[in-house]
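The values are calculated or read from the model by the stated rules, or taken from the named source; none is laboratory data. These numbers were taken from a predicted model, which means no experiment stands behind them. Note that each Cβ is placed from the backbone with ideal geometry, even for glycine, and that neighbours are counted across all protein chains shown.
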Amino acid sequence: MRIGILCHPSVGGSGLVATELAHGLAQAGHDVHVISSAQPFKLRQHQRHIHFHLVEGIHYPLFKDPLYTFALTAKIVEVVDQYQLDVVHAHYSIPHSLCAYLATEITRRPFPIVTTIHGTDVTVVGQDRPLYPLNRFSIDRSTVVTTVSAYQRGHIQRHFGLKTAIEVIHNFIDCDHFRPDQADPLLRRSLARDDQPIVMHASNFRPVKNTDTVLRSFARLSEKLDAKLVLLGSGPEMEAAQGRCHQLGIADRVVFVGQVQYVEQYLPLADCVLQPSYRESFCMVLLEAMACGVPTVSSNVDGIPEVVAEGETGFMAEPDDDKAQADAMLRVLSDPALQQRLGAAGRQRAKTRFATRHTIEQYLACYRRAIATL
Ligand code: GMT
């Protein structure tokens, strides 16, 4: 098949899932054309069957902004016609689904649209009043709509009243890349003393990730146990978080690593991963931690209970319940047998329920169904 993939290139779940899907499809022999405003940070451009098409804004003195959505639509039209694409897969509905829909009205070659809704495209951003009718229209005009958890499907059904059915395809993980035995002792030593357990958190530091509770839970844990908190990623709340560490008296126990290209090098170093998000349609970090054999302590919101098995691979609590989270971390970190058992069960769950090959098959089935409607 010749497949177009539209995605946001930034470090974030939807772009990451789209990129890994592109790699998997290309490995299976399909021609994949990734269209985005920059090269997605993990895209292996030199892999066979992968083609990248950069969308450049339209700069003209008359326009105050670079008309990105028109530029994207024009690029979709160009790539569909030039490479004779069979299907276009929009990851994150805004603005991808609407641009793809517009393109269907313009291309010489008809093509179906598969839209995958990732989360904030129908919760935070997608509920934005002026955007809502555009978002709803474009999702409804997609030939096939998928989303990443049963929770998210329910949310869309409740808030969008679509005519189109929604299929749940959980996110997936490559357990050959994310594995427990990748832990580099030198990298670990740069983060903590050998006898200090590591709690890790990875995010884009937006309000939805609940950074303050990460710090409060860790501060509570620190009263009982000498541990290190390692923070991966960057975002708007980072600066405030640094100040907050001083207020909470944990500044010397927190390491801000910043953006990392290969999170799979860091996660296996963790003894526990902490993610108390307020919203999370799925939460890739938890699945990545599980694949690396690391127990998780997380909030219990939205799609998270579909990823984590409570008491088997990790523990869940309310997003702002710093006491419950600290207690859960203490339990994990002070019982090596429990830590080992949770980690092993997490890896097993990642391998059996969230395997790449199965997910690729599910998406290919969607593409075939979509193409058959033409
Ligand atoms: O979580 C974010 O802020 C980023 C966002 C994105 O679009 O990249 O993540 C969403 O999609 C991910 C991949 O499907 C999911 O794992 C995240 O849970 C989801 N985020 C939210 O629902 C808040």
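Annotations for the structure displayed:
- Filter pass, R331 being of a type in the set (D, E, K, R) and over 24 Å from T211 (Cα atoms): no
- Among residues of region 360-374 that are under 14 Å from T147 (Cα atoms), those with a Cβ under 7 angstrom from a residue that is outside any helix (DSSP H, G or I) and not hydrophobic (A, V, I, L, M, F, W, C), sequence gap 6+ or separate chain, pair up as C366/T146; C366/E167.
- Yes/no for M329 being buried (at least 23 other Cβ atoms within 10 Å of the Cβ), in contact with a Lys or Arg (Cβ under 7 Å, 6 or more places away or on another chain) and at negative phi: no
- Qualifying residue in region 270-285 (condition: surrounded by fewer than 24 Cβ atoms within 10 Å (Cβ to Cβ), more than 17 Å from the chain's Cα centre (by Cα) and assigned by TED's automatic domain parsing to the domain that holds P207): yes
- Among residues of region 150-186, those that are more than 24 Å from G15 (Cα to Cα) and either surrounded by 18 or more Cβ atoms within 10 Å (Cβ to Cβ) or among the acidic types (D, E) (or both), counted: 2
- Filtering R108, R44, R141 for residues that are surrounded by 14 or more Cβ atoms within 10 Å (Cβ to Cβ), charged (D, E, K, R) and assigned by TED's automatic domain parsing to the domain that holds H155 leaves a single hit, R141.
- Residues (farther than 28 Å from L85 by Cβ and within 15 Å of the ligand (Cβ to nearest atom)) located in region 106-148: T123, V124, Q127, D128
- For L162, the requirement of being among the aliphatic types (A, V, I, L, M), over 23 Å from S299 (Cβ atoms) and in contact (Cβ under 8 Å) with a residue 60 or more places away in the chain is not met.
- Whichever residue in region 240-258 is touching a Phe, Trp or Tyr at 6+ places or on another chain (Cβ under 9 Å) and of a type outside the set (A, V, I, L, M, F, W, C) and, among such residues, is surrounded by the fewest Cβ atoms within 10 Å (Cβ to Cβ): Q242
- Of the residues making up region 187-223, just one is surrounded by fewer than 16 Cβ atoms within 10 Å (Cβ to Cβ) and small (G, A, S), namely S190.
- Matching residues in region 252-263 - criterion: being in contact with a helix residue (DSSP H, G or I) (Cβ under 8 Å, 6 or more places away or on another chain) and either over 19 Å from P236 (Cα atoms) or assigned to a strand (DSSP E or B) (or both): R253, V254, F256, V257, V263
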